[in-house]
Amino acid sequence: MLYDRDRELALFDDALARASRGEGGLVLIEGPPGVGKTTLLREAGREALAAGAQVLNARAGELERDHSYGLVRQLMEPALAKASEAQREVLLGGAARSAAAPLGLDGGEPVFEVTTALNGLFWLTANLATDRPLVLLADDLQWADAPSMRYLLFLVRRLDGLPLLVVGGTRPAGGGDDAHLLRELACDPTVMVLAPGLLGAASVASLVRERYDAYADPAFVEECAQASGGNPFLLGELLQACTQEQVPASAEGARRIHELGPRTIARAVLLRIAALGADARALVRAVAILGTDVPLPRAAQLAGLSAAAATTAADALSSVAVLEQRRPLEFLHPVIRSAVYGDLPAGD
Ligand SMILES: Nc1ncnc2c1ncn2[C@@H]1O[C@H](COP(=O)(O)OP(=O)(O)O)[C@@H](O)[C@H]1O
Ligand SMILES: [Mg+2]
């Protein structure tokens with residue numbers, strides 16, 4: 001259940017309705033880790049599917065910034081893969097032909113001009129939106145490769161008349177050189193920036209009571225709100241730590257949260273990992289070092305584990321909500337990766 005997101009979802013519905021009428025748009029969901037960007041993006045995707053749109057997904061990775069058009073490929077490849085040969089010819093016909101090279105498709109003629117490649121990708125996108133409205137969901141844009149960001153900037157200036165809605169998720173752009181394309185996108189006057197807020201007191205109270213399945217003392221609720229700052233991810237971690245350590249939802253429980261201090265959450269993550277033993281700890285550290293979308297064999301090698309031991313450890317780590325339940329390996333949340341990374345022994 002999503003709390004405190006009525007405004008964002010209403011604005012998204014408007015943007016979707018406009019896109020369906022041919023008034024394309026780009027919505028940027030901006031906020032710090034854990035505030036609920038991915039969750040909102042997924043909800044937007046569900047609503048778009050329910051409204052009959054075609055939805056394509058991508059998520060940029062911290063270590064894939066140098067992979068040219070990596071994000072665009074993630075978006076387009078599934079749609080091209082499921083198209084028939086005849087449909088592909090239409091999708092990649094005419095001006096869209098020059099999309100083949102940036103997408104690395106067989107038989108693509110080399111393209112030497114960036115604008116030619118972008119133009120081809122634009123036409124491919126437009127072609128994908130002819131039968132029904134198209135929604136592109138692109139998460140973690142703070143890590144997107146530069147060519148894919150240029151594609152989004154190219155697209156945003158040509159949305160008018162297209163039944164296309166692009167929804168991006170991103171951390172706020174920093175001031176560095178590598179973020180200038182993201183800043184440019186966020187500042188574009190046609191882009192709607194949504195900044196989902198921290199959860200209010202009533203929502204924190206509901207989430208605490210959902211978790212405890214019973215009455216929770218107002219002092220306990222208040223302490224949870226304080227410790228998490230209303231950040232939904234941190235609140236979830238905190239509540240998990242409390243149940244794990246059997247902290248009651250009472251005034252006494254409130255005192256215990258207070259005593260555990262601000263590092264409660266990182267500590268909770270590390271405790272959860274420690275309980276799994278040495279293999280899991282070695283593997284999770286390797287994944288923290290290697291970054292996002294880590295192939296199991298690479299992590300196993302760095303951790304000095306056999307494939308079988310790494311598989312067991314990875315499964316254990318996903319069962320305690322540290323890693324996602326998939327291959328390649330990925331942390332469930334960047335905040336968890338930070339906790340593990342921050343705990344690496346110096347010089348390791
Ligand atoms: N509006 C919300 N109400 C309740 N829980 C939420 C809400 N938004 C996010 N969450 C929970 O918080 C956690 C982190 O959300 P996530 O979308 O991954 O954040 P982000 O992408 O901003 O880092 C998830 O477990 C999610 O279920
Ligand atoms: Mg996210």
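The values are calculated or read from the model by the stated rules, or taken from the named source; none is laboratory data. All values reported here derive from a predicted model rather than from experimental measurement. With ideal geometry, Cβ positions are generated from the backbone for all residues, glycine too; neighbour counts draw on all protein chains shown. All accessible areas refer to the heavy atoms of the entire protein, side chains included, with ligands and DNA or RNA removed. Shrake-Rupley method; radii C 1.70, N 1.55, O 1.52, S 1.80 Å.
Before moving on, here are some points about what is shown:
- Of all residues assigned to region 144-166, none qualifies as being within 16 Å of ligand 1 (Cβ to nearest atom), over 30 Å from R255 (Cα atoms), in a strand (DSSP E or B) and under 21 Å from the mean Cα position of the chain (by Cα).
- Restricting region 156-206 to residues that are β-branched (V, I, T) and at pLDDT 95 or above, the residue that is most open to solvent (accessible area, probe 1.4 Å) is V193.
- Residue in region 271-282 that is charged (D, E, K, R), modelled with pLDDT of 90 or more and touching a helix residue (DSSP H, G or I) at 6+ places or on another chain (Cβ under 7 Å) present: yes
- Here region 25-41 is the region considered, the condition is being within 10 Å of ligand 2 (Cβ to nearest atom) and touching a helix residue (DSSP H, G or I) at 6+ places or on another chain (Cβ under 8 Å), and the residue that is nearest to M149 (Cα to Cα) is I29.
- Selected residue (only one of A44, A79 is open to solvent by less than 20 Å² (accessible area, probe 1.4 Å) and either within 16 Å of ligand 2 (Cβ to nearest atom) or part of a loop (DSSP other than H, G, I, E, B) (or both)): A44
- Here is the figure for region 311-343: residues that are within 21 Å of T38 (Cα to Cα), open to solvent by 40 Å² or more (accessible area, probe 1.4 Å), away from ligand 1 (no atom under 12 Å from the Cβ) and in contact with a Leu (Cβ under 8 Å, 6 or more places away or on another chain) total 2.
- Residues located in region 182-211, provided they are among the acidic types (D, E) and more than 16 Å from ligand 1 (Cβ to nearest atom): E184, D188
- Matching residues in region 47-62 - criterion: being closer than 20 Å to R183 by Cα and either outside any helix (DSSP H, G or I) or away from ligand 1 (no atom under 14 Å from the Cβ) (or both): A58, R59, A60, G61
Yes/no matrix, rows are residues, columns are (1) farther than 21 Å from A83 by Cα; (2) without any contact (Cβ under 8 Å) to a residue 24 or more places away in the chain:
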residue	(1), (2)
V114	yes, no
W123	no, no
P147	yes, no
R158	yes, no
P163	no, no
L181	yes, no
C187	yes, yes
P196	yes, no
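- Picking from residues in region 19-35 that are within 16 Å of ligand 1 (Cβ to nearest atom) and at pLDDT 95 or above, the one that is surrounded by the fewest Cβ atoms within 10 Å (Cβ to Cβ) is E30.
- Looking only at residues of region 82-108 that are assigned to a loop (DSSP other than H, G, I, E, B) and under 20 Å from R132 (Cα atoms), we find that the one that is most open to solvent (accessible area, probe 1.4 Å) is S84.
- Here the condition is being more than 16 Å from ligand 2 (Cβ to nearest atom), part of a helix (DSSP H, G or I), open to solvent by 40 Å² or more (accessible area, probe 1.4 Å) and not β-branched (V, I, T); of Q226, Q246, it holds for Q226 alone.
- Residue within region 11-18 that is buried (at least 19 other Cβ atoms within 10 Å of the Cβ) and closer than 30 Å to V208 by Cβ present: yes
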